[in-house]
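So the structure is just underneath, and the comments pick up after that.
The values are calculated or read from the model by the stated rules, or taken from the named source; none is laboratory data. Computed from a predicted model, the values in this text were never measured in an experiment. As a convention, Cβ positions derive from the backbone with ideal geometry for all residues, glycine included, and neighbour counts pool all protein chains shown.
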Amino acid sequence: MRWLPHSRRHGFTLVEILMVLAIMGIMTIVTMPSLVKSIRGNRLRVGSRTIVMAANYARTSAILRNQEMKLTLNAGNNQVSVDPLRSAPPALPGDQVFQAEASAVTTNAATEAEADSQANAAPFTSITRTLDAVKIESFSVEGKKGGVKDESGTVVYQSNGRCTPFEATVVDEFGSRMIITVDGIGSIKVVQKGE
């Protein structure tokens, strides 16, 4: 057998390149609807997760600060916020001196720990998040006029972590819904409806 010198260059032919491009095009066409659906579903999940996280934050803050907190869902501007129910009164200049004297006189360790935590507590700043690409469709609180659904509402978390049971519905532009249900002790259940 005789070896021939390499007169041809190695590379891809035009037919091979067109075949690869056709296969890539077919794969893109097949996977695109799944990708779009995944992105749409992700936006809805993020919107409902924002409400769930705000509810958990309001409950935790109420327990840790021993202060009533309110969770507000506003469909008008598509915002979720957590605020103290009542703002704390401003501290007076003599308050710190009085607290120091009171803790020196008090012999009860529990009272001293409570006075220290109140003296060192940082002021609570309200938190507001705007939902992106989804909308708050409805909000209902148990016991409110037979559970009438509104677009906006407020739920108060007590200092023991309990709240009035409520349900919020978030919807995307394609009609898929996530229903967030919170019971009186703060347990949260999320159900997706639609596609």
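Can you find a residue that is closer than 22 Å to Ser176 by Cα, surrounded by fewer than 17 Cβ atoms within 10 Å (Cβ to Cβ) and either among the hydroxyl-bearing types (Ser, Thr, Tyr) or in contact with a His (Cβ under 8 Å, 6 or more places away or on another chain) (or both) anywhere in region 47-59?
no
Got a number for residues in region 27-46 being hydrophobic (A, V, I, L, M, F, W, C), at pLDDT 85 or above, farther than 30 Å from Leu73 by Cβ and surrounded by 10 or more Cβ atoms within 10 Å (Cβ to Cβ)? Before you say what the answer is, go through the steps one by one.
If we filter region 27-46 for residues that are hydrophobic (A, V, I, L, M, F, W, C), which is where we start, we get 27, 29-30, 32, 35-36, 39, 44, 46.
Okay, now just the ones that are also at pLDDT 85 or above, so 27, 29-30, 32, 44, 46.
Keeping just the survivors that are farther than 30 Å from Leu73 by Cβ gives 27, 29-30, 32.
The next check asks that each one be surrounded by 10 or more Cβ atoms within 10 Å (Cβ to Cβ); those that pass are 27, 32.
Residues flagged as hydrophobic (A, V, I, L, M, F, W, C), at pLDDT 85 or above, farther than 30 Å from Leu73 by Cβ and surrounded by 10 or more Cβ atoms within 10 Å (Cβ to Cβ) within region 27-46 amount to 2.
Is there any pair with a first residue in region 184-195 that is under 17 Å from Ala58 (Cβ atoms) and a second that is surrounded by 11 or more Cβ atoms within 10 Å (Cβ to Cβ) and modelled with pLDDT under 85 whose Cβ atoms are under 9 Å apart and which are 6 or more apart or on different chains, and what are they?
These pairs meet every condition: Gly184/Glu142.
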